[in-house]
Amino acid sequence: MNEVLKKISDIGIVPVVVLDDAKDAKPLAEALIAGGLPCAEVTFRTAAAEESIKIMAEAFPEMLVGAGTVLTIEQADRAIAAGAKFIVSPGFNEKIVKHCLDRGVPMVPGINNPTGIEAALELGLDTVKFFPAEASGGIEMIKAMAAPYTAVKFMPTGGINAKNICDYLAFDKIIACGGSWMVKKDLVAAGKFDEIRALTEEAVRLMLGFTLKHVGINCDGEDEAVSVSDSFDKLFGFTTKVGNSSVFAGTFVEAMKSQGRGVHGHIAIGTNSVARARHYLETVKGAKFIEESASYKGDKLNAIYLEGEVGGFAVHLVNNK
């Protein structure tokens, strides 16, 4: 996968932005970055699009600013000159796709059927936009098309919102979703960038789905671990289950048979995507991680510890599923 698209995958949500006035570009970008989404697809539906891309790209070089609704080669060239790092179109235009690829800029054309996928594959693409997503059959249609095209990834856009985004992102063939519910035009026009930041934070937390999975307690040997687990079993009915390195009381308490990470033990925080949660915590919250603690299921990051402790407990992320 292209490096820019890999970064988009790490972010998970691409805010689809329509700007009527370029003066709103900088405060909007600030709100998105502060909210945890350092990415924007600025649509070429307005005269302010080109200047808005330029302002965002120059003020925030770390931000992934792209151009959407690109319908001509001339628009693509203007967007790239302004600083767009990726190009998105609602449909598949072979000439525009080839032009962008020749210029070394990733292009994500819109498709909603197998014929579009095959046209993309013919040009060497491995990622396509599925548009309009909900009107074209939604996540079930994507799953049906992904079955014979196992190497293709999707970026669905159109009808995606807070109610359905997690259903889309749960499918591993989807790199990210485009959405506009956190950057509504009326909020931008009214200058309500604090509200946009809050909606962006809400979208990120919804996507990541942080939960408390379990608490690990360090014990001195298996006997103490079983005793701790049995105490929770007797009190709350958390059934004891003895494992190789620990004893679980239900799914909420893990009694370690030996001293593990943390003075007292560890706390496991569940998330819908450890990879995206790690990216968010590193880039937005400044957290650091212990690389050698990472574990994988296949090529998917499944768990990793943060550096440091909280109240004497080490903290690690783990996938919810």
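The values are calculated or read from the model by the stated rules, or taken from the named source; none is laboratory data. The model shown is predicted, which means the values in this text are computed figures rather than measured ones. Virtual Cβ from ideal backbone geometry, glycine too; neighbours counted across all protein chains shown.
Condition check ((1) under 30 Å from Asp20 (Cα atoms); (2) among the hydrophobic types (A, V, I, L, M, F, W, C)) across all residues:
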| site | (1), (2) |
| --- | --- |
| Met155 | yes, yes |
| Gly159 | yes, no |
| Trp181 | yes, yes |
| Val247 | no, yes |
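When Leu32 is tested against (1) touching a Cys at 6+ places or on another chain (Cβ under 8 Å); (2) in a loop (DSSP other than H, G, I, E, B), just one condition goes unmet, and that condition is (2). Taking each residue of the range 1-23 that is at positive phi and in contact (Cβ under 8 Å) with a residue 24 or more places away in the chain and looking for partners that are in a helix (DSSP H, G or I) and among the charged types (D, E, K, R) with beta-carbon atoms closer than 9 Å, six or more apart or interchain, yields Gly12/Arg276. Of the residues that make up the range 53-61, is at least one in the same structural domain as Asn161 (by TED's automatic domain parsing) and under 19 Å from the mean Cα position of the chain (by Cα)? No, that holds for no residue. Residue count for the range 267-284 satisfying the condition of being hydrophobic (A, V, I, L, M, F, W, C) and either assigned to a helix (DSSP H, G or I) or outside the structural domain of Glu307 (by TED's automatic domain parsing) (or both): 4.
Here Ser229 fulfils each of the conditions (1) surrounded by 18 or more Cβ atoms within 10 Å (Cβ to Cβ); (2) under 23 Å from Leu306 (Cβ atoms); (3) in contact with a Phe, Trp or Tyr (Cβ under 7 Å, 6 or more places away or on another chain) apart from (2). Count of the range 216-226 residues, restricted to those that are surrounded by 16 or more Cβ atoms within 10 Å (Cβ to Cβ) and either part of a helix (DSSP H, G or I) or touching a Leu at 6+ places or on another chain (Cβ under 6 Å) (or both), is 4. Determine which member of the set Ile55, Ile13 is modelled with pLDDT of 95 or more, in contact with a Gly (Cβ under 7 Å, 6 or more places away or on another chain), over 18 Å from Leu101 (Cα atoms) and β-branched (Val, Ile, Thr). Of Ile55, Ile13, the one residue that is modelled with pLDDT of 95 or more, in contact with a Gly (Cβ under 7 Å, 6 or more places away or on another chain), over 18 Å from Leu101 (Cα atoms) and β-branched (Val, Ile, Thr) is Ile13.
For Gly286, the criteria (1) touching a strand residue (DSSP E or B) at 6+ places or on another chain (Cβ under 9 Å); (2) of a type in the set (Gly, Ala, Ser); (3) closer than 30 Å to Leu64 by Cα hold in every case but one, which is (1). Scanning the range 33-50 finds one or more residues that are on the phi > 0 side of the Ramachandran plot and of a type in the set (Gly, Ala, Ser). Might you check whether a residue that is closer than 30 Å to Gly35 by Cα and either outside any strand (DSSP E or B) or in the same structural domain as Gly36 (by TED's automatic domain parsing) (or both) occurs anywhere in the range 238-245? For the range 238-245, residues closer than 30 Å to Gly35 by Cα and either outside any strand (DSSP E or B) or in the same structural domain as Gly36 (by TED's automatic domain parsing) (or both): absent. Give the residues of the range 169-192 that are within 24 Å of Pro148 (Cα to Cα), out of contact with any Gly (no Cβ under 8 Å at 6 or more places or on another chain) and not basic (Lys, Arg), sorted by residue number. Ala170, Phe171, Asp172, Ile174, Ile175 - these are the residues of the range 169-192 that are within 24 Å of Pro148 (Cα to Cα), out of contact with any Gly (no Cβ under 8 Å at 6 or more places or on another chain) and not basic (Lys, Arg). The residue list Ala133, Ala31, Ala67, Ala84 contains one member that is out of contact with any helix residue (DSSP H, G or I) (no Cβ under 6 Å at 6 or more places or on another chain) and either assigned by TED's automatic domain parsing to the domain that holds Ala203 or surrounded by fewer than 17 Cβ atoms within 10 Å (Cβ to Cβ) (or both), which is Ala133.
If you check Val14 against the conditions, is it assigned by TED's automatic domain parsing to the domain that holds Thr150 and crowded, with 24+ Cβ neighbours inside 10 Å? Yes; evaluated as a whole, the condition is true for this residue.
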